[in-house]
Amino acid sequence: MSSLGWKLVRNFEQNFIVEGQEVTVKFVTMSCVHKQLYQVYVPYNGKTVRFHIQKNEAGEFKIVGSGVCPPPYLPLEADFAAAIEASPVG
């Protein structure tokens, strides 16, 4: 909790199944006050790849930027959004 009484949004990690393998995905918030924009770090082809998920005007979390998110992770957009919504604050 912040000194002003706000509950702070936190970075978190969560495991997902991607192409039959369990992988750890790291979510890094770009705002400590609101769940609105995250950098997402995923393993892909032996490297760590970063893309963004942002809340749109309809209040839905969507992957931003075409061609940035590795193709195996695109079907997980709704799962990533659910993970963000369920992530703890405090």
Review point. So what J values fall out for segment 80-87 if you push phi through Karplus, 6.51 cos²θ - 1.76 cosθ + 1.60 with θ = phi - 60°, rounded to Hz, Gly and Pro as x?
Key: 5, 4, 5, 5, 5, 4, 7, 5
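Mean separation of Cα pairs under 8 Å and 6+ residues apart, divided by the residue count of the chain: what relative contact order is that in percent?
The normalised contact order for the chain reaches 24 percent.
Determine the per residue accessible area of the chain with all protein chains present and a 1.4 angstrom probe, expressed in square angstrom.
Each residue of the chain exposes 62 Å² on average to a 1.4 Å probe.
Working out 0.36 nm times the residue gap between GLU60 and GLN14, then minus their Cα-Cα distance, what length gain in nm do you get to one decimal?
Gain on extension, GLU60 to GLN14, equals 14.6 nm.
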Check your understanding: Karplus couplings for segment 55-63 from phi (6.51 cos²θ - 1.76 cosθ + 1.60, θ = phi - 60°), rounded to Hz, Gly and Pro as x?
Key -> 6, 8, 5, 7, x, 9, 7, 10, 5
Point to revise | Charge tally in the Cβ shell below 13 Å around ARG10, where Lys, Arg are +1 and Asp, Glu are -1, ARG10 excluded | key: +2
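Using a 1.4 Å probe over the heavy atoms of the protein chains, calculate the carbon and sulfur portion of the accessible area of the chain as a whole percent.
C and S fraction of accessible area: 50 percent.
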Revision key, fill the gap. Interchain or sequence-distant (5+) residues whose placed amide H lies within less than 5 Å of the amide H of VAL33 are VAL9
Check your understanding: Which whole-Hz couplings ³J(HN,Hα) result when phi for each residue of segment 23-38 is put into the Karplus expression 6.51 cos²θ - 1.76 cosθ + 1.60, θ = phi - 60°, listed in order with x for Gly and Pro?
Key -> 10, 9, 10, 9, 10, 10, 6, 9, 9, 8, 10, 10, 7, 9, 8, 10
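The values are calculated or read from the model by the stated rules, or taken from the named source; none is laboratory data. Here the structure is a predicted model, which means the values were calculated and not measured. Ideal geometry is used to build each Cβ from the backbone, glycine not excepted, and the neighbour counts take in all protein chains shown. Remember, those area values only see protein heavy atoms, side chains included, never the ligands or the DNA or RNA. Shrake-Rupley method; radii C 1.70, N 1.55, O 1.52, S 1.80 Å.
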